[in-house]
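Structure, as structure tokens:
The values are calculated or read from the model by the stated rules, or taken from the named source; none is laboratory data. If you're wondering where the values come from, they're calculated on a predicted model, not measured in any experiment. Methodologically, a virtual Cβ is constructed for each residue, glycine included, from the backbone with ideal geometry; neighbour enumeration extends over all protein chains shown. To get the accessible areas, we keep the full protein, side chains included, count just its heavy atoms, and leave off ligands, DNA and RNA. Shrake-Rupley method; radii C 1.70, N 1.55, O 1.52, S 1.80 Å.
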Amino acid sequence: YGEPWVWLGKATLIEPNPPQSLHATGKTPTSLALAWSSPVENGAVIAQYVVYRHTSSTSPLTGGVAVAVVTSLSAVLTNLNPSTSYYFTVTAVSTRSVESDHSNRLSTSTPDLAPTAPVNVRATAVSGTWVDLAWNASTPPPGSTIDFYGVFFAEASPFGGWNYSRIANIPNTTYRVS
């Protein structure tokens, strides 16, 4: 009777359901924007989401590397490589630090780097039947070269805007339109 009495109850830890509908919402050559839907409610209070990168579309889910921890239903992943395939999943983590199963696996890729646009387009000589055009060269992405420049003729559309017709593909920065 003189001993203090303590009741130790068993706490139930609820595993959250996994996030749903993981998808890409934006892409640049070096970043991807991802978003997903909330897990189906089961009583677990979600504190954060963990985005995992996987090595392939079939690699084990347990082998993924956490690349972002966020509290919202989206994440932007940066410092990626252009023209590269990536595989992601996302999990939900409860306020009691219980992690859900992985979401669907997203397979996506970053686009190629594009060269800069030619600048300083100008007419260097004009006659009654021809126009000589010139422009400053584009800068290619690292490890690439400029193979050709597309020369287009623009004509006002009767419905508004412009209609473009390609008239030449040339390897240098000058062209005579006749």
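Overview of values
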{"item": "For the stretch 28-116: relative contact order, % (alpha-carbon pairs under 8 angstrom, 6 or more apart)", "result": "37 percent"}
{"item": "Sequence-separation-based contact order of the stretch 119-161, relative, with Cα cut under 8 Å and 6+ spacing, percent", "result": "26 percent"}
{"item": "Accessible area, probe 1.4 Å, largest first, for residues H23, H54", "result": "H23, H54"}
{"item": "Summed side-chain charge close to V50 - residues other than V50 whose Cβ falls under 13 Å, Lys, Arg +1, Asp, Glu -1", "result": "-1"}
{"item": "Those chymotrypsin sites (Phe, Trp or Tyr not before Pro) in the stretch 90-178 that DSSP places in a loop and that have at most 13 other beta carbons within 10 Å", "result": "W130, F148, F159"}
{"item": "Contact order relative to length of the chain, as percent, for alpha carbon pairs under 8 angstrom and 6 or more apart", "result": "19 percent"}
{"item": "Per residue value of the accessible surface for the chain (all protein chains in place, 1.4 Å probe), Å²", "result": "65 Å²"}
{"item": "Correct choice for Cα extents along the principal axes in Å that was computed from the model, options (i) 45, 38, 30; (ii) 50, 28, 20; (iii) 115, 40, 30", "result": "(iii)"}
{"item": "Global geometry of the stretch 75-178, whether rounded, prolate or oblate, following the gyration tensor of its Cα atoms and the 1.5 cut on a/c", "result": "prolate"}
{"item": "Accessible-area composition of the chain, carbon plus sulfur, in percent [1.4 Å probe]", "result": "54 percent"}
